[in-house]
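This report concerns only the one structure given below.
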Amino acid sequence: MVINPKIVVTDDGSNTLVHPTIGAHYHSTFGAKQESDFIFIQEGIDFYVKKLDVKSVSILEMGFGSGLNAYNTLLYGLEHNISINYCGIEKYPIDVKLISELDYPKILNSENTANLFQNMHTSKWEEYSEISKEFQLKKINKSLGNIDLEEKFDIIYFDAFGPKDQPELWSVSVFEKMFSLLNTNGILVTYCSKGIVKNALRAVGFDLQRLAGPPSKRHILRATKL
Ligand SMILES: C[S@@+](CC[C@H](N)C(=O)[O-])C[C@H]1O[C@@H](n2cnc3c(N)ncnc32)[C@H](O)[C@@H]1O
């Protein structure tokens with residue numbers, strides 16, 4: 001089912017979406033770009049490639065949504081010469097008419113790659129597509145509870161709507177699945193540092209680090225599969 005979320009501007013001037021039935025924002029209202037840069041790029045892919053000194057990574061994103069995190073990651077890969085396999089799970093794909101209105105190429109200072117952002121959204125679902133030479137994307141149009149993946153990943157961007165809106169996605173059984181989908185030394189990063197999330201992550205065997213968050217957010221989490 002394709003949806004038409006409303007676009008709203010966040011405090012750092014970047015756009016985000018509001019889900020039409022769940023009513024939740026796709027990114028922090030304090031700043032969509034700021035959140036993506038800090039949590040998923042700085043504390044996610046940048047942390048991982050530097051720690052393990054690697055030039056290629058595989059990433060699973062729970063909640064592909066507007067594609068901001070995916071596109072930001074593609075730009076990171078281009079800048080740092082990292083090759084990326086990216087798999088995004090999304091139950092509610094957005095109408096492609098919204099893509100240009102989101103204005104992310106301009107917001108991320110990369111108007112010359114606007115075609116790549118467009119291609120991310122128009123690429124086929126359920127199979128890998130080459131978005132750029134070093135960025136392969138597979139989008140899966142399923143609910144997280146129904147995914148059945150054979151491949152494993154180095155990094156999980158766990159970017160579901162919050163536990164208040166979707167408690168079922170922050171459960172021990174979901175994190176068990178996430179744990180099983182990670183390679184050894186793989187990491188899961190998320191913006192939510194609530195006690196129930198920390199407890200569920202620890203219960204399935206993750207080594208947990210609570211990190212300082214971006215401005216206006218006290219803490220975020222990075223969980224490692226040792
Ligand atoms: C916080 S937003 C993610 C924002 C996204 N990472 C981005 O960069 O725009 C949460 C996303 O999870 C999706 N979602 C909600 N329930 C889901 C489910 N059960 N399975 C998969 N995706 C789901 C929503 O449609 C939304 O795109």
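Residues that are basic (Lys, Arg) and over 19 Å from Ala24 (Cα atoms): list the strands (runs of 3 or more DSSP E) wholly contained in the range 80-173 that include at least 2 such residues. First the steps, then the outcome.
On the way: elements: 83-89, 129-132, 135-140, 153-158.
Result: 135-140.
Going through Ser173, Ser132 one at a time, which residue ends up being over 18 Å from the mean Cα position of the chain (by Cα), touching a residue at least 40 places away in the same chain (Cβ under 8 Å) and either surrounded by 15 or more Cβ atoms within 10 Å (Cβ to Cβ) or at negative phi (or both)?
On the way: Ser173 fails: touching a residue at least 40 places away in the same chain (Cβ under 8 Å).
Of Ser173, Ser132, the one residue that is over 18 Å from the mean Cα position of the chain (by Cα), touching a residue at least 40 places away in the same chain (Cβ under 8 Å) and either surrounded by 15 or more Cβ atoms within 10 Å (Cβ to Cβ) or at negative phi (or both) is Ser132.
For the range 9-21, taking the residues that are farther than 14 Å from Pro93 by Cα and touching a residue at least 12 places away in the same chain (Cβ under 8 Å), the one that is surrounded by the fewest Cβ atoms within 10 Å (Cβ to Cβ) is identified as Gly13. Taken as a whole, the condition of being out of contact with any Asp or Glu (no Cβ under 7 Å at 6 or more places or on another chain), among the small types (Gly, Ala, Ser) and either outside any loop (DSSP other than H, G, I, E, B) or away from the ligand (no atom under 16 Å from the Cβ) (or both) applies to Gly205. Would you say Phe40 is under 21 Å from Gly186 (Cα atoms), touching a Lys or Arg at 6+ places or on another chain (Cβ under 8 Å) and within 11 Å of the ligand (Cβ to nearest atom)? No, not satisfied. Annotation: of all residues in the range 66-95 being among the aromatic types (Phe, Trp, Tyr) and within 14 Å of the chain's Cα centre (by Cα), the one that is nearest to Leu182 (Cα to Cα) is Tyr86. Only one of the numbered conditions (1) over 28 Å from Thr184 (Cβ atoms); (2) away from the ligand (no atom under 12 Å from the Cβ) is violated by Lys91, and that is (2).
Among what's in the range 208-226 and is of a type in the set (D, E, K, R) and in a strand (DSSP E or B), pick the residue that is nearest to Asn69 (Cα to Cα).
Step one: list which residues in the range 208-226 are of a type in the set (D, E, K, R), which gives 210, 217-218, 222, 225.
Right, trim to in a strand (DSSP E or B) and you get 210, 222.
Details: Arg210: 21, Arg222: 16 Å.
Looking at the filtered set, the residue picked out is Arg222.
Within the range 180-226, track down each residue that is buried (at least 19 other Cβ atoms within 10 Å of the Cβ), touching a residue at least 40 places away in the same chain (Cβ under 8 Å) and more than 18 Å from Val57 (Cβ to Cβ). Listed by number, the residues that qualify are Tyr191, Gly213, Pro214, Ile220. Taken over the range 148-163, the residue count meeting the criterion of being within 8 Å of the ligand (Cβ to nearest atom) and within 11 Å of the chain's Cα centre (by Cα) is 3.
Against the test of being within 18 Å of Leu188 (Cα to Cα), hydrophobic (A, V, I, L, M, F, W, C), surrounded by 15 or more Cβ atoms within 10 Å (Cβ to Cβ) and touching a strand residue (DSSP E or B) at 6+ places or on another chain (Cβ under 9 Å), the options Ala24, Ala70 yield a single qualifying residue, Ala70. The set of residues in the range 84-96 being surrounded by fewer than 17 Cβ atoms within 10 Å (Cβ to Cβ) and in contact (Cβ under 8 Å) with a residue 60 or more places away in the chain consists of Pro93, Asp95.
Throughout, read-outs are computed from the coordinates displayed, never taken from laboratory work. Everything quoted here is computed from the prediction, not taken from an experiment. With ideal geometry, Cβ positions are generated from the backbone for all residues, glycine too; neighbour counts draw on all protein chains shown.
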